[in-house]
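Scroll down for the structure; my scribbles are underneath it.
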Amino acid sequence: MTITEAVAGIREKILQAALRSGRNPDDIRLMGVSKFHGISEIEEAWQGGIRLFGESRVQEAADKFAGFTAGHPGAELHLIGSLQRNKAKAAYTLFDYIQSVDREALITCLGDLTANQDRPLGILLEFHTGEETKTGFPDEDSLCRAVEQVLSYPGLALRGLMTMAPYTDDTRIIRASFRALSGARNRLEARFPDCDWSCLSMGMSSDFEIAIEEGSTIIRIGTALFGERRT
Ligand SMILES: *Cc1c(COP(=O)(O)O)cnc(C)c1O
């Protein structure tokens with residue numbers, strides 16, 4: 001299967017999942033997670049209509065995308081892996097959004113870094129909803145404090161929440177994880193109604209249809225799009 005064929009197959013599943021849950025398929029963005037894949041595969045995904053890309057590591061993303069984005073207007077790049085503060089400056093240069101903002105010290109660092117810049121940095125707060133690696137804010141109280149902190153920095157543009165479901169075959173556990181993120185978003189939206197909560201980033205190759213049924217607006221797809229990663 002080519003990447004172009006994979007894109008078509010995933011788009012069909014997005015459509016069906018959206019119809020099943022009474023949603024508009026246009027409200028769901030398909031991110032190509034290109035970590036461990038090369039520039040020719042990224043180019044092929046672009047030809048297939050992918051405009052949003054996700055990478056887990058700053059250096060790998062810089063090697064591949066520093067030249068790519070200039071020649072591909074409309075391309076958008078998000079960091080989806082954990083960010084160390086010593087890479088924050090490089091990350092701001094490269095990424096439109098950091099989806100994996102998971103602790104207060106990182107918000108301080110990104111807030112200071114972007115304070116006098118023209119281009120705001122898109123921020124999603126990562127919520128820990130059950131995946132084993134334990135990244136993300138642990139509860140809604142800590143998320144709430146993180147929201148207030150992000151809002152205090154003019155260079156940070158809060159856009160929503162992100163999570164990873166646990167790696168399990170048990171769809172009830174996966175669905176509960178996505179429901180926890182939707183619920184958190186709804187409660188934060190009630191508390192901070194002037195914020196933009198439009199990004200609900202959840203769902204990967206194995207669970208994106210459940211994520212769409214639970215309200216996802218960004219699905220992050222690696223394997224189902226590019227094939228197995230060469231690690
Ligand atoms: C690698 C990764 C993905 C994509 O995973 P697949 O199962 O290959 O689709 C999505 N989100 C994050 C945070 C990842 O690290």
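The values are calculated or read from the model by the stated rules, or taken from the named source; none is laboratory data. Just so you know, these numbers come straight off a predicted model, no measurement behind them. Cβ atoms come from the backbone with ideal geometry, glycine included; neighbour counts cover every protein chain shown.
A few remarks follow.
- Entry remark, the range 53-91: residues being part of a loop (DSSP other than H, G, I, E, B) and of a type in the set (Lys, Arg) number 1 in total.
- Test: ALA70 is without any contact (Cβ under 8 Å) to a residue 60 or more places away in the chain, among the aliphatic types (A, V, I, L, M) and within 30 Å of GLU214 (Cα to Cα): no
- Residues of the range 43-52 satisfying the condition of being in a helix (DSSP H, G or I) and either within 11 Å of the ligand (Cβ to nearest atom) or without any contact (Cβ under 8 Å) to a residue 60 or more places away in the chain (or both): GLU43, GLU44, TRP46, GLN47
- Restricting the first member to the range 74-95 and to residues that are touching a residue at least 24 places away in the same chain (Cβ under 8 Å), and the second to residues that are surrounded by fewer than 18 Cβ atoms within 10 Å (Cβ to Cβ) and among the basic types (Lys, Arg), the beta-carbon pairs closer than 8 Å and six or more apart or on different chains are ALA75/ARG51; GLU76/ARG51; GLY81/ARG57.
- Filter result for the condition that a residue is assigned to a helix (DSSP H, G or I), at pLDDT 95 or above and either in contact with a Cys (Cβ under 8 Å, 6 or more places away or on another chain) or within 14 Å of the ligand (Cβ to nearest atom) (or both), over ALA211, ALA176, ALA180: ALA211
- Scanning the range 1-42 for residues being assigned to a helix (DSSP H, G or I) and under 23 Å from ALA90 (Cα atoms) gives a total of 2.
- Sole exception among (1) surrounded by 23 or more Cβ atoms within 10 Å (Cβ to Cβ); (2) outside any helix (DSSP H, G or I); (3) of a type in the set (A, V, I, L, M, F, W, C) for TRP197, by number: (1)
- Taking the range 215-228 as the range and being more than 7 Å from the ligand (Cβ to nearest atom) and either under 14 Å from MET164 (Cβ atoms) or touching a Gly at 6+ places or on another chain (Cβ under 8 Å) (or both) as the test, the residues that pass are SER216, THR217, ILE218, ILE219, LEU225, PHE226.
- Considering ALA165, ALA184, ALA180, the condition of being small (Gly, Ala, Ser) and surrounded by fewer than 21 Cβ atoms within 10 Å (Cβ to Cβ) is satisfied by ALA180 alone.
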